[in-house]
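This report refers to the structure that appears directly beneath it.
The values are calculated or read from the model by the stated rules, or taken from the named source; none is laboratory data. On a predicted model such as this, the values are computed, not experimentally measured, just so you know. All Cβ positions, glycine included, derive from the backbone under ideal geometry; neighbour counts span all protein chains shown. What goes into the accessible areas is simple: the full protein's heavy atoms, side chains included, and nothing from ligands, DNA or RNA. Shrake-Rupley method; radii C 1.70, N 1.55, O 1.52, S 1.80 Å.
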Amino acid sequence: MWDTIHAISTPEGASITAIVRISGEDAMALAQKIAPESTLGSWPNFSKGKEMLVLPGFASIPSVFFLMKKPASYTSEDMVEIHLPGATPLLQTLSSHLVALGARVAHPGEFTQRAYLNGRISLTQAEGILEIIHAENQAQMKAALHQVSGKFHQEIQRLRDQITALMAKIEANIDFSYHGDVEIDPAIIPQSLQEIHLSLQKLASQKAKVPQLSQGITVALIGPPNAGKSTLFNTLIGKEHAVVSEQAGTTRDVLESQFSWKEYSFRLYDTAGIEEVSEDLIQYKAQQFRQRIQECSQLCLFLADFQQMNFSHILDAYHLLPEPKLFVLNKCDLGAEVPTFPFPIFSISAKMGVGIEALKNKLVDLVSSDQARPSGYGYLLNARQSAALQNTVACIERAEVCAVTALDFIAFELREAANHLAVITGEIVSEDVLDQIFTQFCIGK
């Protein structure tokens with residue numbers, strides 16, 4: 001049995017209410033000692049009550065105690081949660097008093113780590129909780145909650161069961177073929193491997209969503225010099241970050257900033273204006289940076305004004321951009337007539353703020369479509385999970401190469417594939433990996 005731990009679970013600094021958690025074998029006894037007039041021992045398994053907290057050097061402090069008895073608590077241990085005034089001296093005194101009574105300060109993520117080690121949650125659910133802690137927008141939160149629900153673990157387990165079932169039949173063929181009792185027709189092995197391969201690829205493809213959610217949907221501002229890209233950049237992010245000048249070509253580097261709209265975060269890049277061939281070395285480098293950004297971005301906003309629409313090379317540059325993209329016509333406040341073109345044009349005035357909210361809504365529409373996100377927001381796959389899935393796919397691919405002709409080799413690869421999936425669920429995992437995962441949590445989580 002592990003020792004008893006405690007932690008202040010709310011952020012540092014004064015607050016109206018703070019939360020202190022205690023978990024472990026002595027949690028109930030310690031709670032009784034700091035609330036000596038209470039009858040905590042007789043409370044039901046899940047209880048809430050107002051009690052007077054007694055600490056050295058303080059008058060009795062009205063507090064709310066939550067009791068959660070094992071094994072149905074978050075950690076599967078006895079837990080007590082105390083809600084009390086968030087004064088820093090008070091919290092420091094309570095923490096020191098709990099240490100003196102035998103409850104050490106918890107390590108970062110130790111509550112969740114105990115929940116995992118006690119079988120309360122899977123490792124993928126624990127990682128989902130970490131994603132919730134670091135969520136920056138609603139899309140991240142929804143994807144993280146999807147993972148915490150346990151569906152990702154269930155999907156991995158289903159695939160692992162499918163692999164191990166096929167492996168068991170193949171091994172039975174190898175072991176008992178000389179008796180003539182054939183457990184599986186070798187002809188169906190390629191089909192079974194293909195089904196597993198397709199399921200794994202579908203799941204592994206979601207690794208691309210990690211940067212989309214954790215860093216924001218990447219949006220590149222592309223267009224000719226003096227189209228107003230820097231002005232639009234500042235307007236979208238809500239602050240003066242890019243230098244704005246009437247002189248064309250003031251942006252020579254790539255500027256980057258982030259803004260949120262509705263449930264999405266966007267990472268916006270302001271690039272150098274599109275130039276025809278230039279002998280200026282700095283301008284040449286700027287064009288290389290712009291090219292790289294537009295190729296890697298998930299959305300491209302092409303910005304031009306009315307006069308620039310008359311230049312054929314400007315339209316050619318727009319047509320060369322990858323989908324999804326949007327042609328944004330700036331400086332509509334000047335009153336010029338919007339020309340007609342065989343593709344959608346979105347009119348704004350970056351300087352006056354006209355059409356900016358509608359443009360943000362359009363970005364959300366593009367992000368919500370299948371164009372901007374290949375297969376939707378399902379699970380947030382971190383680097384560890386993605387690597388294990390890729391290793392699993394590689395095993396299945398090697399098994400497919402020798403399907404039917406080398407059953408022992410196929411069985412070996414299937415066993416390796418099952419082990420890689422067990423790494424994801426936490427059934428096979430080293431202490432070093434666990435430490436790397438749980439040290440990313442805050443203290444008290």
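When the test is whether a residue is of a type in the set (S, T, N, Q), touching a residue at least 12 places away in the same chain (Cβ under 8 Å), in a strand (DSSP E or B) and touching a strand residue (DSSP E or B) at 6+ places or on another chain (Cβ under 6 Å), S73 does not pass it. Counting only residues that are closer than 12 Å to L94 by Cα and part of a strand (DSSP E or B), the stretch 19-62 holds 6 of them.
The set of residues from the stretch 404-443 being over 30 Å from H6 (Cα atoms) and either touching a strand residue (DSSP E or B) at 6+ places or on another chain (Cβ under 6 Å) or without any contact (Cβ under 8 Å) to a residue 12 or more places away in the chain (or both) comprises T405, A406, F409, F412, N419.
If you go through the stretch 390-400 one residue at a time, do you hit one that is open to solvent by less than 20 Å² (accessible area, probe 1.4 Å), of a type in the set (A, V, I, L, M), more than 21 Å from M167 (Cβ to Cβ) and in a helix (DSSP H, G or I)? Taking every residue of the stretch 390-400 in turn, none turns out to be open to solvent by less than 20 Å² (accessible area, probe 1.4 Å), of a type in the set (A, V, I, L, M), more than 21 Å from M167 (Cβ to Cβ) and in a helix (DSSP H, G or I). Residues that are free of Cβ contacts under 8 Å to residues at least 24 places away in the same chain, assigned to a helix (DSSP H, G or I), closer than 20 Å to G238 by Cα and open to solvent by less than 70 Å² (accessible area, probe 1.4 Å): does the stretch 345-357 have at least one? So far as the stretch 345-357 goes, no, none of its residues is free of Cβ contacts under 8 Å to residues at least 24 places away in the same chain, assigned to a helix (DSSP H, G or I), closer than 20 Å to G238 by Cα and open to solvent by less than 70 Å² (accessible area, probe 1.4 Å).
Listed conditions (1) open to solvent by less than 30 Å² (accessible area, probe 1.4 Å); (2) more than 20 Å from L101 (Cβ to Cβ) are all met by P71, apart from (1).
Every condition in (1) at pLDDT 90 or above; (2) aliphatic (A, V, I, L, M); (3) open to solvent by 60 Å² or more (accessible area, probe 1.4 Å) is met by L145 except one, and the failing one is (1).
How many of the residues in the stretch 3-12 are within 26 Å of the chain's Cα centre (by Cα) and among the β-branched types (V, I, T)?
Of the residues in the stretch 3-12, the ones within 26 Å of the chain's Cα centre (by Cα) are 7-12.
Next cut, among the β-branched types (V, I, T) only: 8, 10.
Total meeting the criteria: 2.
What is the number of the single condition among (1) in a helix (DSSP H, G or I); (2) at pLDDT 85 or above that E295 does not meet? Result: E295 fails condition (2) only.
Scanning the stretch 178-210 for residues that are open to solvent by less than 60 Å² (accessible area, probe 1.4 Å), at pLDDT below 75 and under 17 Å from L381 (Cβ atoms) yields a total of 6.
The residue list S23, S15, S73 contains one member that is of a type in the set (G, A, S), at pLDDT 95 or above and within 31 Å of the chain's Cα centre (by Cα), which is S23.
Do we find a residue being part of a loop (DSSP other than H, G, I, E, B), open to solvent by less than 10 Å² (accessible area, probe 1.4 Å) and in contact (Cβ under 8 Å) with a residue 60 or more places away in the chain anywhere in the stretch 107-118? The answer is yes; a qualifying residue exists.
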